[in-house]
Amino acid sequence: MTGRAGTRIPLTICVGLLGIAVAYPLGILFLQSVFPEILGGSFEGFMDAYRRIGETPEMVRLIRNSLAWAGATTGVAWIFGIPCGYLLARTDLPGKLWARLSLLVPIMTPPYIAALSYILLMQSGGFGDTLTGGLPEGLRAWFFSFWGVTLVMALSSFGYVALAVEATLSEIPRRFEDAARLLGASWHQTLRRILLPLLLPAILNSGLLVFLEALSNFGVPAVLGSRSNLPLLPAEIFYLVTSWPVDLALATSLSSLLCLFALVSLYGSRWLADAFGGGAYRPGAMSVQRLGPLWTLAGWGFIGGLFVLSSGLPYAAMILTSLAGSWGEGWPELTMAHYATLFEPGSRGFEAILTSLWLSVAAASVCVVAGSYIAYVNIRSTGWLQSALEGLATLPRVIPKIVIAVALILAWNAPWVPIDLYNTAFMLLLAYVVVYITDTLNYSNATLWGMSEHLESAAEILGAGRFTVFTRIVLPRLRPALLAAWLTTFMVCMRELVASLMLMPPGMDTTATYIFSQFEQGDISLAMAMATVTIVISTVVLALFTLRRSHGARAGARALGEVEG
Amino acid sequence: MTHDDSPFLEARGLVKSFGSERVLRGVDFRIRPGERLVLLGPSGCGKTTLLNLIAGMLEADAGELLCEGSRIDAPAHGIHQPMRRRGFAMVFQDFALWPHMTVAENVAFGLKMQGLSRSERSERVRQVLTMVQMEGFADRSPSRLSGGQQQRVSIARALAVRPRLLLLDEPLSALDARLREDLKGELATLLRQSGVTSVYVTHDQSEAFTLASRIALMHEGRIEQIGTPEEVYANPASTFAATFLGVSNLLPYSRENGHFLLGDRESLTPVVLNGVGDTAPADGRLMVRREAVTIHEGRDAPSDSIVLSGICRRKDFLGDRHEAFVEVEGGVTLRGFAAPGIVEGTRVQVRFPPDAVRFLTH
């Protein structure tokens, strides 16, 4: 049964669209991993690839490394983020606005740019050496190892933890703590028995976000992992697909395992949150801890130190490199020549910026149009088709981008596909939409859940048709959410790396692939100039976003919270 | 050291400000052991602030608070005993039950903090849950209880630790009217039987009358009047006390040659008060409770009553009787209970006994 009369056809259309865009590629990917010869029309070699993984010690180590690294990143992000969240929510720390902004900067910085900048800082003969007159070799060795790579990833994602912890801590009513203190609990006991269990869902949810981000991140493993003798799953899958000899069977089975880990961690963290924490409560007034001058200093030292590490140092390295004229001993001469090269019409860099801009604008627009309609159809219908739609819409939230990219290659390269989408920029557009439609769905759902169906009934009873109801009643209510969704999607598309690298037709570049390839085998200064330009564009868009909605940080935190919802 | 008259809790000149707003302007009171003091007053009078000060959530700016003779809050001496050391318990308006614990875990929390053994804890939990008739709900999550049930658990949690002092912050105000009425009676019985010393904050006079052994009526950061419910009701010390408790007629008066002149300066109604007002101040307000005033058609008044004549302007049916508003000469309106036959717009008689009259100067 459908919830409202006449939603069967739109529902079928939505399920069909998402089926082709998401379910079909992932299905092919999974089949290919189980039957390596399926695209040739044969069922030979059942489970061969998985057997190979199990029997190769390097593969087992690779998987263990990836999980350990993602886990370590989560742990470090908790150590950084939870105190930040507490300082912001529950103390009288001065200058909280600046502290919050300092958390947003690393979130806004693409992790691969942070990693590249850190390489410039830490490598032999890099900025670190110039600044200090030679970094200790022990520090350098430590940085280019498991923990150094962990640190860079954690620095770029601890902000999620801090914002989620802050949001939850600001909602836990102080009564809960007062009641415990009155009954004789010490500060420590109150923290352990009252605050921590109530905070656990936020800690786990944000931790899950960091874990998934680390597990599926391509950029940091690709640029920093490879220099630190730390092979990690996404990068290895990438090399299996893109470099000779191509091993699709191994790539797809590793991809399937990556999805499995992602799903297990999603359901695992939900189970943990239900089992050990939570419980519903109404938000209430909270207590604020007064910090003495010493603790204020310590608090700012902590937040400021994290800012220097997460943003200050990498940004300095990035901007200085982009302005550096010639390399030699000591400080280089400064020049705008690299920027001039980038903006020279017809140059590769300029073309890359234009490509990224139109792709991002197109992807964001398609996402907003399709996503809002799918979200609306989903929320106003019931039954098994709706469950299917909901399931399909949830998939891209969890499936790593690299896996979606591999799946799209397989699906649109298959012998039975009549149109030649692969090797055109439209392939990339499709990938962006599949990967990022989640944002629009999240933003739309948040608004739609709070919207009474009576608003639509009131229009229908006055004679409005289904289409009129959607355009005249639903869309105007969704407008703020959709604006936010459009800007978010635009920003993440502008910096998307892995799908762009894999799906971009030869001879074309996006800003991200340009940075990546210039850094690896071209002009590092050009790469960093492009990185700076990308971040400036993102920041301008974010500023617009914040001007429109004054509670930028809160909206961001809420959107993050919905990722798990 | 405790003989009968020594107070359990004593406040001397407590002052508290939030920013430039003076919320408590010098509060004094004494509570004897076993007493149930109700802090009664309109919102913004400082009663909740006073309760939070007693609990230790806030520190006083000036004055001191003593419990069993020792200072627990005395800014002049730099003393502020943390709330966890006071041995008090509190029932909150919004229940404040921890959502991640079951009912039994909530109730056992304070006992665990006191270091009671597991068996003692479960015995005590069972006891208090039975006391509040929630014994069947021990393993439920608080979020699956109704408001009334949650408040019972909250009361059980506070009573379980056998507190030296039980603080209740408008515990019934989050419940709907019917439930409030039921729980009020139960709570009164519970407090009386357990013998626990308690301070109860409310803005509802019927709660105060039911629950209090003494009422402290608060107004604008001060205790306006303190006494048993009967005393405070019968002899309000001020205009505020008279209007906040019950329904009263308050008539401006002045005295001239043994006569009382009621009403405004321009048109005064002379009244003879049959000797009661001899010691009354020269001018002020004369108060008569509504229930002391009766309104009749007849002209033959009993000789011991004060009688005024006027026009009935309005008559309302209250359910068990009628209330009428009568405009007497001089433009003064009195309200009282009316005989059923009274007709609006007709001339009637207003009567009240002289001993029902009180004189207020402020």
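The values are calculated or read from the model by the stated rules, or taken from the named source; none is laboratory data. Note that the structure is a prediction, hence the values are computed from the model and not measured. So basically every Cβ, Gly included, is an ideal-geometry build from the backbone, and we count neighbours across all protein chains shown.
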### Query
For the stretch A:448-480, how many residues meet the condition of being of a type in the set (A, V, I, L, M) and touching a residue at least 40 places away in the same chain (Cβ under 8 Å)?
4
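Okay, residues lined up against (1) at negative phi; (2) at pLDDT 90 or above; (3) among the β-branched types (V, I, T):
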{"position": "B:Q151", "(1), (2), (3)": "yes, yes, no"}
{"position": "B:A160", "(1), (2), (3)": "yes, yes, no"}
{"position": "B:R178", "(1), (2), (3)": "yes, no, no"}
{"position": "B:G185", "(1), (2), (3)": "yes, yes, no"}
{"position": "B:V199", "(1), (2), (3)": "yes, yes, yes"}
{"position": "B:A212", "(1), (2), (3)": "yes, yes, no"}
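For the stretch B:25-76, which fully contained strands (runs of 3 or more DSSP E) count at least 1 residues that are away from chain A (no Cβ under 14 Å), aliphatic (A, V, I, L, M) and surrounded by fewer than 20 Cβ atoms within 10 Å (Cβ to Cβ)?
B:62-67, B:70-74
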### Query
Would you call B:G195 at pLDDT below 95 and over 13 Å from the mean Cα position of the chain (by Cα)?
yes
### Summary
All-but-one check, A:E166 against (1) assigned to a helix (DSSP H, G or I); (2) in contact (Cβ under 8 Å) with a residue 12 or more places away in the chain; (3) within 13 Å of another protein chain (Cβ to nearest Cβ), failing number (3)
### Task
Report yes if B:I295 is surrounded by 11 or more Cβ atoms within 10 Å (Cβ to Cβ), of a type in the set (V, I, T) and within 31 Å of the chain's Cα centre (by Cα), otherwise no.
yes
### Task
Determine whether B:A160 is at the interface with chain A (Cβ under 10 Å from one of its Cβ atoms), in contact with a strand residue (DSSP E or B) (Cβ under 7 Å, 6 or more places away or on another chain) and not polar (S, T, N, Q).
no
### Query
Does B:S143 fit the bill of being more than 32 Å from the chain's Cα centre (by Cα) and small (G, A, S)?
no
### Query
In the stretch A:50-82, what residues are under 29 Å from the mean Cα position of the chain (by Cα) and more than 20 Å from A:L230 (Cβ to Cβ)?
A:Y50, A:W78, A:I79, A:F80, A:G81, A:I82
### Task
Go through the stretch B:109-121 and give me each residue that's assigned to a helix (DSSP H, G or I) and either closer than 12 Å to A:A185 by Cβ or at the interface with chain A (Cβ under 10 Å from one of its Cβ atoms) (or both).
B:F109, B:G110, B:L111, B:K112, B:M113
### Task
Test B:D182 against the stated conditions and say whether it is more than 23 Å from the chain's Cα centre (by Cα) and more than 12 Å from chain A (Cβ to nearest Cβ).
no
### Query
Within the stretch A:26-51, can you find the residues that are assigned to a helix (DSSP H, G or I), at pLDDT below 85 and either among the small types (G, A, S) or assigned by TED's automatic domain parsing to the domain that holds A:A249 (or both)?
A:G40, A:A49
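Can you pull out every residue in the stretch A:409-450 that is assigned to a helix (DSSP H, G or I) and of a type in the set (S, T, N, Q)?
Listed by number, the residues that qualify are A:N413, A:T438, A:T440, A:N442, A:S444, A:N445, A:T447.
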### Query
Which ranges mark the strands (runs of 3 or more DSSP E) fully within the stretch B:323-362 that have 1 or more residues being among the β-branched types (V, I, T) and either touching a Phe, Trp or Tyr at 6+ places or on another chain (Cβ under 9 Å) or in contact (Cβ under 8 Å) with a residue 12 or more places away in the chain (or both)?
B:332-338, B:347-352
### Query
Does the stretch A:188-196 contain any residue that is under 25 Å from A:P396 (Cα atoms) and not small (G, A, S)?
no
### Query
Could you say whether any residue in the stretch A:128-138 is crowded, with 18+ Cβ neighbours inside 10 Å and of a type in the set (G, A, S)?
yes
### Message
Can you pull out every residue in the stretch B:88-101 that is more than 7 Å from chain A (Cβ to nearest Cβ) and touching a helix residue (DSSP H, G or I) at 6+ places or on another chain (Cβ under 8 Å)?
### Response
B:V91, B:F95, B:L97, B:M101
## Note on the structure
B:A96 vs (1) in contact (Cβ under 8 Å) with a residue 24 or more places away in the chain; (2) more than 29 Å from the chain's Cα centre (by Cα); (3) buried (at least 19 other Cβ atoms within 10 Å of the Cβ): all pass except (2)
### Task
Looking only at the stretch A:322-340, decide whether some residue is out of contact with any Ser or Thr (no Cβ under 8 Å at 6 or more places or on another chain), closer than 23 Å to A:F490 by Cβ and modelled with pLDDT of 85 or more.
no
### Query
Would you pick out the residues in the stretch B:315-328 that are within 19 Å of B:V357 (Cα to Cα) and at pLDDT below 90?
B:E327, B:V328
### Message
Take A:I53 and tell me if it is exposed (fewer than 13 other Cβ atoms within 10 Å of the Cβ) and out of contact with any Pro (no Cβ under 7 Å at 6 or more places or on another chain).
### Response
no
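Residues checked against (1) crowded, with 17+ Cβ neighbours inside 10 Å; (2) within 16 Å of B:L262 (Cα to Cα):
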residue	(1), (2)
B:P302	no, no
B:S309	no, yes
B:R321	no, no
B:F325	yes, no
B:G336	yes, no
B:A339	no, no
B:V343	no, no
B:T346	no, no
